[in-house]
Amino acid sequence: MAESVPMLASLLQSLTPGEVRFVAQRDYGHDAERHSQALASVIARGGRFEQGEEWYPYEVVELGAHTLVPGHAREFAICTLLVIAAVADGFDLSTALADKFQDRADDYAKLQPQLQQAILAAYAAA
């Protein structure tokens, strides 16, 4: 995971307020402000989740990694990288990465090469 950590940290630092807002609203806008604040904490920690963040913000991160919404490829890729990191770190004990990869492979193929490579490297490292 060491190779993909700098890429994740770099992508997190490049998130725009609009991108953070988009991710925070993935649960149909429910508690978007609370998710946004929790996301800011995760971003400040370089993408590391802590105990108690299973719902805020991890729920919207999982939702963001589940569907590639047209015009929001960066958000999808960053959420995917966060989920992979959460599994690798032992925070997420329920996501099977092999299944996730197979389910989302077509979406990954639609991403820009840099985002594709970051995701593939993260899966390989996990």
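The values are calculated or read from the model by the stated rules, or taken from the named source; none is laboratory data. Bear in mind the structure is a predicted one, so any value in this text is a computation, not a measurement. Heads up, the Cβs are rebuilt from the backbone with ideal geometry, glycines too, and the neighbour counts pull from every protein chain shown.
Within segment 80-107, residues that are over 13 Å from Glu54 (Cα atoms) have Cβ atoms under 7 Å from residues that are in a loop (DSSP other than H, G, I, E, B) and among the hydrophobic types (A, V, I, L, M, F, W, C) in these pairs: Ile84/Ala126; Ala85/Met1; Ala88/Met1; Ala88/Ala126; Leu97/Ala126; Asp107/Leu68, counting only partners at least 6 apart in sequence or on another chain. Inside segment 110-124, residues that are under 13 Å from the mean Cα position of the chain (by Cα) and either closer than 14 Å to Phe76 by Cβ or touching a residue at least 60 places away in the same chain (Cβ under 8 Å) (or both) make up a count of 4.
Here is a yes/no grid of residues against (1) basic (Lys, Arg); (2) farther than 18 Å from Glu19 by Cα:
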residue: Leu39; (1), (2): no, no
residue: Glu54; (1), (2): no, yes
residue: Leu68; (1), (2): no, no
residue: Gly71; (1), (2): no, no
residue: Ala85; (1), (2): no, yes
residue: Lys100; (1), (2): yes, yes
residue: Leu115; (1), (2): no, no
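Within segment 63-79, the set of residues being in a loop (DSSP other than H, G, I, E, B), buried (at least 16 other Cβ atoms within 10 Å of the Cβ) and free of Cβ contacts under 8 Å to residues at least 40 places away in the same chain is empty. Val60 meets the conditions (1) in contact (Cβ under 8 Å) with a residue 40 or more places away in the chain; (2) over 14 Å from Leu11 (Cα atoms) in every case but one. The failed one is (1). Selection of segment 1-37 for residues being modelled with pLDDT of 95 or more, in a helix (DSSP H, G or I) and among the hydroxyl-bearing types (Ser, Thr, Tyr) yields only Ser36.
Could you check, for segment 18-33, whether at least one of its residues is farther than 16 Å from Tyr123 by Cα, among the hydrophobic types (A, V, I, L, M, F, W, C) and in contact with a Ser or Thr (Cβ under 7 Å, 6 or more places away or on another chain)?
Initially, segment 18-33 is screened for residues farther than 16 Å from Tyr123 by Cα, giving 18-33.
Remaining after also requiring among the hydrophobic types (A, V, I, L, M, F, W, C): 20, 22-24, 32.
Okay, now just the ones that are also in contact with a Ser or Thr (Cβ under 7 Å, 6 or more places away or on another chain), so 20, 24.
Yes, segment 18-33 contains at least one residue that is farther than 16 Å from Tyr123 by Cα, among the hydrophobic types (A, V, I, L, M, F, W, C) and in contact with a Ser or Thr (Cβ under 7 Å, 6 or more places away or on another chain).
Can you tell me how many residues within segment 95-111 are part of a loop (DSSP other than H, G, I, E, B) and farther than 14 Å from Leu63 by Cβ? Of the residues in segment 95-111, 3 are part of a loop (DSSP other than H, G, I, E, B) and farther than 14 Å from Leu63 by Cβ.
Condition first: touching a helix residue (DSSP H, G or I) at 6+ places or on another chain (Cβ under 6 Å) and either within 25 Å of Asp99 (Cβ to Cβ) or crowded, with 16+ Cβ neighbours inside 10 Å (or both). Now tell me which residues in segment 23-52 satisfy that. Explain how you work it out, then say what you get.
Looking only at segment 23-52, we keep the residues that are touching a helix residue (DSSP H, G or I) at 6+ places or on another chain (Cβ under 6 Å), and these are 23-27, 32, 35-36, 39, 43, 46-47, 49.
Answer for segment 23-52, where residues must be touching a helix residue (DSSP H, G or I) at 6+ places or on another chain (Cβ under 6 Å) and either within 25 Å of Asp99 (Cβ to Cβ) or crowded, with 16+ Cβ neighbours inside 10 Å (or both): Val23, Ala24, Gln25, Arg26, Asp27, Ala32, His35, Ser36, Leu39, Ile43, Gly47, Phe49.
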